[in-house]
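Take a look at the structure set out below.
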C-alpha cells in the first residue's frame, strides 16, 4: 500500500509541476504580450488592474471568462464541440512529459522522447478539424480545414529540422541530447551546444523556428484564427472557457516548442558558462530563460510583421522550407561524417 501511495504521489507531482508552469506562464505571457505590443506600437497596454503596470489583468480576464455564458450552436455536434478544446489542451500538456526541465527533473525518461513529443503534438491537427466541423458553421469549417492544411504542411520542415539534431546526437532521448551539450569545448570557449558544433545546424534552427511559428498559429502564420478573413476561424462558435482553452493551448504550444528548441539547439538546462552557475536549480533557470527568450521573439514578430496570404504561406513551406530542410539535413550528416 505504501508503495502504491508513493507511486501515486510521484505521478501527481509529475502532473502538477508542468501544469503549474503552463498556467503561470499563460497568465504572465498574456500580460507580457500586451505590454510588449504596447511598447512596440507606442501605447500603454494593461496599466491599472492590479497596481504595478496592470499585472493582474490576466487574472481579471480569467475570472471574466469563467463567468461568461457557454453557448453551443443548436445544430452543432455537441459531444465533439465540447471535446475539441479539451483534446487540444491535453495534447499540448501531455507533450511536456518528456521535456527535461533540469538535470534533476524530467517527467518521463523514455528513450523515444522526441518521437513521443512529435506524435502527441500531431493530435492538435485533429482537434482543429474537430472544432471546425462540429460547429456546423461554414466559416469555422473553412478555418478548420485551412488550419489543418497549415499544421500538416509545416510538420514536415519541423520534423526535418529535428532530425538534423538527431543525426548529430544519435539519440531520441531529450535528456541524453541535453547532456551531450555540456561543457565549453567549441573553439575552447563557446558552449558545447549543437548550434555551435555544426554550422549547418544554424540553418536548421532558422527552419525550425519559422516552422514552429506556423505550428503554434503565430503571426505571420496565424491564418487558422485570423479575424479579418475567417471571423476567428475554427473558434468562431466558441465562447467563455472553451474559447479560453484554445488560447491556453496556443500559449502552452508556444512554450513547449520554444523549450524544445532550447533543448535541441541551445544546450537545454546547461549553463552558458560551463560548470559556473550550474546545478539543478540553475539548470532550471537557464532552461526557462532560453525558452522564454524564444517566446519573446515570437511575440516581437507578431507585433511587427503582417499576416501572409494563404497561397504565400503554402509557397514558403513546400517550395522553400521543405527543399531547404532536406538539403540541409544531408549537409548536416556529411559534416558529421567528415569532421
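The values are calculated or read from the model by the stated rules, or taken from the named source; none is laboratory data. Keep in mind that this is a model prediction, so the values were computed, not measured. Ideal geometry is used to build each Cβ from the backbone, glycine not excepted, and the neighbour counts take in all protein chains shown.
Anything in the stretch 317-330 that is in contact (Cβ under 8 Å) with a residue 24 or more places away in the chain, within 16 Å of residue 166 (Cα to Cα) and surrounded by fewer than 16 Cβ atoms within 10 Å (Cβ to Cβ)? List them, or say none.
Hit for the stretch 317-330 is 326, nothing else.
Applying the selection to the stretch 255-287, what residues are touching a strand residue (DSSP E or B) at 6+ places or on another chain (Cβ under 8 Å) and exposed (fewer than 15 other Cβ atoms within 10 Å of the Cβ)?
280, 281 - these are the residues of the stretch 255-287 that are touching a strand residue (DSSP E or B) at 6+ places or on another chain (Cβ under 8 Å) and exposed (fewer than 15 other Cβ atoms within 10 Å of the Cβ).
If I ask for residues that are surrounded by 14 or more Cβ atoms within 10 Å (Cβ to Cβ) and farther than 29 Å from residue 32 by Cβ, which ones from the stretch 290-316 would you list?
Result: 310, 314.
Can you find a residue that is without any contact (Cβ under 8 Å) to a residue 24 or more places away in the chain and assigned by TED's automatic domain parsing to the domain that holds residue 313 anywhere in the stretch 98-119?
yes
Kindly provide the set of residues from the stretch 274-315 that are without any contact (Cβ under 8 Å) to a residue 12 or more places away in the chain and more than 27 Å from residue 100 (Cβ to Cβ), ordered by number.
309, 311, 312, 315
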